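> One structure is given below, represented as structure tokens, and several questions about it will come after.
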């Protein structure tokens, strides 16, 4: 009797094992929160991707052996056309974060980056690890971005100014004309990078966005993502819009290759107005639910135009986050310098009903938990 396997027998065994593994629970991939856990901490949109995006993604996945081709140009052309731009104005990236990192590294070689003290920071952390120097300007007492002080801080050492509008984590939005005036004022001294990740969730997206300054060939870069209103955080598609020379600079520093499945989903969802309107309506309804939860506990949240709410709860937010986690409701605790502010992202409406019940019970029973309200 032979005591070894033939090559054919070995291959049959390997294939049988692979098929068996593919259908076992251990091979399934856990995306999103585990059963019984409500995640309200990452600013995700649980109502996406759209049905059309899912269909397109499935078709693209079946062709996943191939690198993306014309679909890159197809997507950028559709976006450019809607915003009155040309392909030369467009940059594609793996989520907007990839392009944000690329921009900070590119201009970080030329000078320092100026930005509000409290704002979105994942790309900032990356840039600092790459040796980029940041200059931070405190927010105003009302938690809004202080454009006047930022403008005054622009000098020859500043190569780029970063503004997130609406801002994260505050959720507050700068007036569109005020921001346009700011960009025109300092644009001859530094590039202005405006992160519009949440622009589709503002009350007046067209007015609030400064993308019109790109068509004017101002010294402005606008970044956007499919992670928020389109509900595609896990599919990693983002894009930038800028004057051709600025777009080329960013593209030259982008490292990730495009994701074909994500691109197909993005193309299918970008003009899906029915899904976008439904998604917006659900997020707005959820946002008001969270606002009401805070208000009935004597907490006045900041005025948000995003898919999250930020509020001073009068006690240490990280400790309260940990308390909420014991009830399987996950929210975002303290940001640096703001120990009492809690951020709550939008989940599905039924999840926000659970949040309301748990928050009420724990907030009213826990009493004072330490910490002081931070003020400037």
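> Can we say residue 299 is free of Cβ contacts under 8 Å to residues at least 40 places away in the same chain and assigned to a loop (DSSP other than H, G, I, E, B)? Even if it seems obvious, please write down each step before you answer.
Details: free of Cβ contacts under 8 Å to residues at least 40 places away in the same chain: yes; assigned to a loop (DSSP other than H, G, I, E, B): yes.
Judged against the criteria, residue 299 is a match.
> Before we move on, is residue 217 assigned to a helix (DSSP H, G or I), modelled with pLDDT of 95 or more and over 20 Å from the mean Cα position of the chain (by Cα)?
no
> Which one of these is within 30 Å of residue 224 (Cα to Cα), in contact with a helix residue (DSSP H, G or I) (Cβ under 6 Å, 6 or more places away or on another chain) and in the same structural domain as residue 174 (by TED's automatic domain parsing): 309, 344, 331, 261?
Criteria check complete, one pass: 261.
> Also, I was wondering about something else. Between a first residue in the stretch 263-276 that is surrounded by fewer than 24 Cβ atoms within 10 Å (Cβ to Cβ) and a second residue that is outside any helix (DSSP H, G or I) and modelled with pLDDT of 95 or more, which pairs have beta carbons less than 6 Å apart while being 6 or more apart in sequence or on different chains?
272/50; 275/50
> Still on this structure, please answer the following. Go through the stretch 191-202 and give me each residue that's buried (at least 24 other Cβ atoms within 10 Å of the Cβ), touching a residue at least 40 places away in the same chain (Cβ under 8 Å) and not in a strand (DSSP E or B).
Listed by number, the residues that qualify are 197, 198, 201.
> Scan the stretch 260-277 for residues that are at pLDDT below 95 and under 17 Å from the mean Cα position of the chain (by Cα) and report the count.
Of the residues in that region, 0 qualify.
> While we're on this one: Yes or no: the stretch 278-292 includes at least one residue that is at pLDDT 95 or above, out of contact with any strand residue (DSSP E or B) (no Cβ under 9 Å at 6 or more places or on another chain) and assigned to a loop (DSSP other than H, G, I, E, B).
no
> If you don't mind, another one. With respect to residue 159, determine if the residue is touching a strand residue (DSSP E or B) at 6+ places or on another chain (Cβ under 8 Å) and either exposed (fewer than 15 other Cβ atoms within 10 Å of the Cβ) or outside any helix (DSSP H, G or I) (or both).
yes
The values are calculated or read from the model by the stated rules, or taken from the named source; none is laboratory data. Given the structure is predicted, the values throughout are model-derived calculations rather than measurements. Quick reminder, even Gly has a Cβ in these numbers, built from the backbone with ideal geometry, and neighbours come from all protein chains shown.
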